[in-house]
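Q: My questions all concern the structure below.
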Amino acid sequence: MPNLDVGGQAVIEGVMMRSKDKIATAVRKPDGEILVKTDPFISWTKRKIILGLPIIRGAVSFVEMLIVGIKTLNYSADIAIKELEKEEAAKKGEDINDKPKKSNNLMLGLSALFAMSIGIFIFFFVPLAISQFVGVDKEALGFNLVAGAIRLTMFLIYVWILSFFSDFKRIFQYHGAEHKSIYCYEMNDELLPERATLHTRFHPRCGTSFILIVALFAIAIYAISDTLYALYTGAAPTLLTRFGIHFSLLPFVAGGSYEILKLSGKTRDNKITKFLIQPGLWLQKITTQEPTLEQIEVGMAALKAALGIDQKDIPTDKSSVSS
């Protein structure tokens, strides 16, 4: 199987796809119409040589796709809100502009910053605090094994709980539609929704697998950093010091995890690789759900738009969401 640089994510009632030069977001409106939005995209790692170096490119790509992901998710939310406003206006006999409202970038940025802060506190600080509170030995490897296990368990519980909410279940279905569409392309199959149904919804390059790799890779890196600190100072780091060191190393952890994920995509047919990526595929049993044919149709529309394949029967949105 070729290693093709196409990725994406699920959004509200839709799918975003990214190719090497385009980002496309396809959203199905309540009336059944699929609205596709395409923007030019050149990764920061391609604009500056230094940003494309191993490890660095992973950290940069993580931040880059976080920004793009938030913007496309917000765009799909705008579409959903606009459709609700149109329904309300129709009931009142009023007219409403068919173009989605522009989001307040400041509020969007503040909301994203707040959400990230909460996430860092819950999944980064709390596991360290719990490990120290229950009296885990401060020896580097043991402490980080326990903290890592707590962090991973909290994440699994969090995702598992989300899977019971109907709205998130639909997002997980669109996540499955994204994977099936990409697999259809990577296997050089016909880019038809019916053909995509034949492919698996579990993909080794999924962001879910990336998170799992980050959690495991972090245990090793943080154990090394804590050991070096103890050797230098003669004492184990305090809770706040440990948090500060670990947080400062997060870009390196993300970059290293990106390289591991990229390597797994290139060697996915290797027996050892298949064994190592299996936990990430198991996790996707929660974060992806089997999509309907209509949902795969949305994923395929986004994929074709990202690849520059003309779709005369699919309307396009000319407004911009990418930076």
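Q: Using alpha carbons only, how many degrees (0 to 90, rounded to 10) separate the axis of helix 105-120 from the longest principal axis of the chain?
A: Between the helix axis and the principal axis of the chain, the angle is about 40 degrees.
Q: For a quick check, take a GNM of the chain with Cα springs below 10 Å and name the residue from Glu190, Glu178, Glu290 with the largest mean-square fluctuation.
A: Glu190
Q: Now for a separate question. How high is the relative contact order of the chain, given as a whole-number percent (alpha carbon pairs under 8 Å, six or more residues apart)? Could you put the intermediate results ahead of the total?
A: Details: 447 pairs, mean separation 101.1, N = 323.
Worked out over the chain, it gives 31 percent.
Q: With +1 on the Cβ of every Lys and Arg and -1 on the Cβ of every Asp and Glu, and nothing else charged, how large is the dipole of the chain about its Cα centre, in debye rounded to the nearest 20? Let's see the in-between values first.
A: Values: 36 positive and 32 negative charges, 160 e Å.
Roughly 760 debye, rounded to the nearest 20.
Q: Figure the gain on full extension for Asn188 and Asp310 (residue separation times 0.36 nm, minus the Cα-Cα span) and round it to one decimal in nm.
A: Values: separation 122, 0.36 × 122 = 43.92 nm, distance 1.78 nm.
So the extension gain works out to 42.1 nm.
Q: To the nearest 10 degrees, how steep is helix 207-233 against the longest Cα principal axis of the chain, on a 0 to 90 scale?
A: 20 degrees
Q: Take the solvent-accessible surface of the protein heavy atoms, probe 1.4 Å, and return the percent of it on region 1-59 that carbon and sulfur atoms account for. Working shown, then result.
A: Numbers: 1740 of 2850 Å².
Carbon and sulfur: 61 percent of the exposed surface of region 1-59.
Q: Can you give the three extents of the C-alpha atoms in region 17-87 along their principal axes, from longest to shortest, in whole Å?
A: Over region 17-87, Cα extents along the principal axes are 50, 17, 13 Å.
Q: Then there is this: Among Lys304, Lys48, Lys22, which one shows the highest mean-square fluctuation when the chain is modelled as a Gaussian network with alpha-carbon springs under 10 Å?
A: Highest fluctuation of the listed residues: Lys48.
Q: Then there's this: On a 0 to 90° scale, report how tilted helix 140-162 is relative to the longest principal axis of the chain, with both axes built from alpha carbons and the result rounded to the nearest 10.
A: Helix 140-162 sits roughly 20 degrees off the main axis of the chain.
Q: Do the alpha carbons of any pairs in Lys48/Lys304; Lys20/Lys71; Lys82/Lys169; Lys29/Lys82; Lys46/Lys304 sit beyond 20 Å of each other, and which pairs? Could you put the intermediate results ahead of the total?
A: Details: Lys48/Lys304 28 Å; Lys20/Lys71 18 Å; Lys82/Lys169 22 Å; Lys29/Lys82 10 Å; Lys46/Lys304 22 Å.
Beyond 20 Å between Cα atoms: Lys48/Lys304; Lys82/Lys169; Lys46/Lys304.
Q: Hey, another quick one. Roll a 1.4 angstrom probe over the protein heavy atoms and tell me the percent of accessible area of region 140-262 that is carbon or sulfur. Intermediate values should be presented prior to the final figure.
A: Numbers: 4230 of 5870 Å².
Accessible surface attributable to carbon and sulfur in region 140-262 totals 72 percent.
Q: How much accessible area per residue does the chain have, counting only protein heavy atoms and a probe of 1.4 Å, in square angstrom? Kindly include the intermediate steps, with their values, before the conclusion.
A: Working: 17310 Å² over 323 residues.
In whole numbers, the chain has 54 Å² accessible per residue.
Q: Bin by bin, in steps of 20 Å, what percent of the Cα pairs in the chain do you find, going until the bin that has the longest distance?
A: 29, 55, 15, 1
Q: Say we join alpha carbon atoms closer than 10 Å with springs in a Gaussian network model of the chain; which of Gly176, Gly255, Gly299 then has the biggest fluctuation?
A: Gly255
Q: Calculated from DSSP H runs of 4 or more alone, at -39500 (n - 2.57) each and per residue, what is the 222 nm mean residue ellipticity of the chain, nearest 500? The partial results should precede the final answer.
A: Numbers: 12 runs with 199 residues, N = 323.
About -20500 deg cm²/dmol.
The values are calculated or read from the model by the stated rules, or taken from the named source; none is laboratory data. Model, not experiment: these values are computed from the prediction. A quick note on method: Cβ atoms are made from the backbone with ideal geometry, for glycine too, and the neighbour counts reach across all protein chains shown. Ligands, DNA and RNA are stripped out before the accessible areas are found, and what is left, the full protein with its side chains, is counted by its heavy atoms. Shrake-Rupley method; radii C 1.70, N 1.55, O 1.52, S 1.80 Å.
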